[in-house]
Structures are given as C-alpha cells and as structure tokens.
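A.B. asks: Following this message is one structure expressed as structure tokens.
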Amino acid sequence: MSLLTILEFPDLRLRKRARPVQLVDDKLRALIADMFETMYNAPGIGLAATQVDIQQRLLVLDVSDNHDAPMVFINPEIEVLDKEPLGYEEGCLSVPGFFDLVHRPRKIRVKALDQHGAEFQLDAEGLLAVCIQHEVDHLEGKLFVDYLSILKRQRIKRKLLKDQRQNDDA
C-alpha cells in the first residue's frame, strides 16, 4: 500500500466529472487499499478517487470512531428518501483547515458495487448520509465550498493559494 497525493482546492482537476468504473479487479482493489491508507493517514472519514486525481466513480469512507467500518462504493447512485435538510459542519481533505455548515437531505438510499463487484443498496441517515453525499459530489466535480457564499469561497481560495505558495517557497 502507498499514500496518494490529495489534490487541494482550487486545483481544477477536482472539477472533473468521474467516469464509471468498467472493471472491478485486483488493480482497482489495490487502489482502494491505497485510498483507505491515504484517508486514514490524512486523517479523514471519506475520500473520492477524484481527490487523488483518479477520474473513476469510486469512493471509500469510514465514519466509525475506531476505523473499523470501512465502506467502498463503486459507481454509486443516490436516491433522496427524506428531503428535510440536515445541517452538518463539513470539512474536506481537499480543503484543509476549513469547516462550514452545509445542509443536505437527511436520509438517502445509495446503490453501488462493493470491492468485489457485487451490487448492494444501503439506506443512510445522519453522518453516514452526509459523508456519502459529500463524496459523491466529488465524483461530480463539486466541492462542499460550492454550497457556501461566493465571499466565503473566495476567502478560502485565497488562503489556500497563499499557503500553497508558502509551502512551495519553503
């Protein structure tokens, strides 16, 4: 396993829409293992393939406290079951150091393939629903900052660009 580089906002590669996974094989499972290692190391609770510059519809997540409930979603499709919004303070590995309130549907159903290529369906609410929706947004080229005001988004962009320049100079 190896750590992957996580792209950071405003990198335009984060805006690409991911392509469906065509083949679930050992190569994809190795990528999944690398994504989990990267996510846990960051540390985070979710990671989409687009965040590590892999334009495939794949995401991993683990919302457990002990990192003992890893979940894999290949070609996920979301159906909203309860449109009542749930406000949650979201952060993102691609927008390090920033958190803000985002409202998303409270309850969803996701259909996807697992790491073995088997279809499954899961109803989710609370943090799990928020995390799945957040990561699926990445697969569409959307970031949580897109839910914020233009002013907040620009402030975050300026700060991250400044931090990136300082890191490049160091």
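The values are calculated or read from the model by the stated rules, or taken from the named source; none is laboratory data. Here the structure is a predicted model, which is why all the values come from computation and not from measurement. When we count neighbours, we look across all protein chains shown, and the Cβ atoms used for this are built from the backbone with ideal geometry, even at glycine. We work out accessible area using only protein heavy atoms, side chains counted, and drop any ligands, DNA or RNA first. Shrake-Rupley method; radii C 1.70, N 1.55, O 1.52, S 1.80 Å.
A.B. asks: Please report, in whole Å³, the volume per residue of the convex hull around the C-alpha atoms of region 11-170.
C.D. replies: Hull volume over Cα atoms, normalised by residue count, gives 118 Å³.
A.B. asks: I want the local charge near L47. Using Cβ-Cβ distances under 11 Å, sum +1 for each Lys or Arg and -1 for each Asp or Glu among the other residues.
C.D. replies: Net local charge, L47 excluded: -4.
A.B. asks: Now for a separate question. Taking the Cα centre as origin and putting +1 on Lys and Arg beta-carbons and -1 on Asp and Glu beta-carbons, what dipole magnitude results for region 25-170, to the nearest 20 debye?
C.D. replies: So the magnitude is around 800 debye.
A.B. asks: Continuing with this model, one more query. How much accessible surface area, in Å² rounded to 10, belongs to the heavy atoms of I74 with a 1.4 Å probe?
C.D. replies: 0 Å²
A.B. asks: Can you check what the net charge comes to around Q121, using other residues whose Cβ is under 14 Å from the Cβ of Q121 (Lys, Arg +1; Asp, Glu -1)?
C.D. replies: That sum, taken over residues with Cβ under 14 Å, equals -2.
A.B. asks: Note down the accessible area of H67, probe 1.4 Å, to the nearest 10 Å².
C.D. replies: 90 Å²
A.B. asks: In terms of solvent-accessible area of protein heavy atoms at a 1.4 angstrom probe, what is the ranking of S94, S2, S64, highest value first?
C.D. replies: So the residues, ranked largest to smallest area, are S2, S64, S94.
A.B. asks: Can you give me the Cα centroid spacing of region 1-28 and region 35-71 in angstrom?
C.D. replies: 11 Å
A.B. asks: If the cut-off is a Cα-Cα distance under 19 Å, which lysines reach K27, setting aside same-chain residues fewer than 8 apart in sequence?
C.D. replies: Within reach: none.
A.B. asks: Can you pull the percent of region 107-150's accessible area that's carbon plus sulfur, 1.4 Å probe, other chains left in place?
C.D. replies: In region 107-150, the share of accessible area belonging to carbon and sulfur is 47 percent.
A.B. asks: Let me ask something additional. For F36, F120, give me the order by solvent-accessible area with a 1.4 Å probe, most accessible first, ignoring ligands, DNA and RNA.
C.D. replies: Final ranking, largest accessible area leading: F120, F36.
A.B. asks: Give me the net charge of M1's neighbourhood, meaning all other residues with Cβ under 10 Å from the Cβ of M1; Lys, Arg count +1, Asp, Glu -1.
C.D. replies: -2
A.B. asks: Students sometimes get this wrong: rank M35, M1, M71 by accessible area, probe 1.4 Å, all chains present, largest first.
C.D. replies: M1, M71, M35
A.B. asks: For a quick check of understanding: with a 1.4 angstrom probe and all protein chains in place, what accessible area in square angstrom does L12 have, to the nearest ten?
C.D. replies: Approximately 140 Å² for this residue.
A.B. asks: While we're looking at this one, here's another question. Quick check on region 55-96: take the gyration tensor over C-alpha atoms, sort the square-rooted eigenvalues as a ≥ b ≥ c, and tell me if it's rounded (a/c under 1.5), prolate or oblate.
C.D. replies: rounded
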